[in-house]
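Comments concern the structure below.
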Amino acid sequence: MTKEKPSYSEAIAEIEEILVKIEQGDLDVDELTKSVKRVTILLNLCKNKLRKTEDEIGKILDGED
């Protein structure tokens with residue numbers, strides 16, 4: 001897990017990887033806790049990117065570019 005922020009696609013891919021591991025029961029309790037925290041961080045990152053994109057598209061459509 002790098003300090004650099006992943007792209008939206010990278011974040012989604014990492015979330016999916018973690019979910020597969022959780023569903024398969026491949027994580028012990030300590031790893032599960034860290035993974036859930038990581039998913040929370042990634043979800044917030046994705047939400048923020050979507051909000052920013054929505055705002056930018058709205059400005060473009062309103063002619064405020």
Quick check on the stretch 16-32: of everything there that is modelled with pLDDT under 95 and β-branched (Val, Ile, Thr), which residue is nearest to Pro6 (Cα to Cα)? Ile22
Which of the residues spanning the stretch 3-18 are among the charged types (D, E, K, R) and part of a loop (DSSP other than H, G, I, E, B)? Lys3, Glu4, Lys5
Taking first residues from the stretch 37-65 that are under 14 Å from Pro6 (Cα atoms) and at pLDDT 95 or above and second residues anywhere that are basic (Lys, Arg) and surrounded by 11 or more Cβ atoms within 10 Å (Cβ to Cβ), the pairs with Cβ under 7 Å that are 6 or more apart or on different chains are Leu45/Lys5
Failed condition for Glu31, given (1) loosely packed, with under 12 Cβ neighbours inside 10 Å; (2) assigned to a helix (DSSP H, G or I), with all others met? (1)
State yes or no: is Ile22 among the β-branched types (Val, Ile, Thr) and touching a Lys or Arg at 6+ places or on another chain (Cβ under 9 Å)? no
Is one or more of the residues making up the stretch 34-51 more than 19 Å from the chain's Cα centre (by Cα) and assigned to a helix (DSSP H, G or I)? no
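The values are calculated or read from the model by the stated rules, or taken from the named source; none is laboratory data. Just so it is clear, the structure is predicted and the values come from calculations on it, not from any experiment. Don't worry about glycine lacking a Cβ; one is built from the backbone with ideal geometry, like all the others, and counts go over all protein chains shown.
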